[in-house]
Amino acid sequence: MYAPNMKWNEDAPPASDILGARLRAKFYGARVITYRYFVLKLLEQSAATSAKSEEGIGGNFSGGFKGDISGLPDLDVEATLTGQIDVKGLEYAERCIKALIKSTTAFHGLGDPGKVRLLVTNIWGTAHA
C-alpha cells in the first residue's frame, strides 16, 4: 500500500491532509531538537563577541546558559572572534533554523482557517507540534 503523505520533497508545499501535516511537523520538530545545540553555541558566540566589543567601551556582560554536553563538536569562541566559524557547526545551525521554519508552516496547506474547520483529536498536541 502506498501512503503519499509518508514521502515528500522538502521543497514541496505543505501537506493538504492532516496526517501528512502532522508527520512533517513531527519530523521537523525532531530535527530541531537534534540541531538546536549548534544554534545555542552560535548565540553564545554572538554574546561573547558583543561582550568583547562592549569591554572596549566600558560595558559589562555576564555569561549566559552553559550546557554540559560532551562528545559533540564545539564551536570555538576565540575562532569566532577572529571571524572564523566552524563550517560543520554552521551547517548544523542552518539545518535547525530551516527545520524551525518548516515545523511552523507544516499546517499551512490545510485550507483557510476561516472557512474550513480543522478536525483533530488532540488540539493541544497538534498546536504544540
Quiz item: What about Gly20, is it modelled with pLDDT of 70 or more and under 30 Å from Pro113 (Cβ atoms)?
Solution: yes
Exercise. Search the range 92-103 for residues that are of a type in the set (S, T, N, Q) and buried (at least 17 other Cβ atoms within 10 Å of the Cβ) and pair each with any residue that is modelled with pLDDT under 95 and part of a helix (DSSP H, G or I) when their beta-carbon atoms are under 6 Å apart and the residues are at least 6 apart or on different chains.
Key: Ser103/Ala25; Ser103/Tyr28; Ser103/Gly29
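The values are calculated or read from the model by the stated rules, or taken from the named source; none is laboratory data. On a predicted model such as this, the values are computed, not experimentally measured, just so you know. Note: ideal-geometry Cβ built from the backbone for every residue, glycine included; neighbour counts use all protein chains shown.
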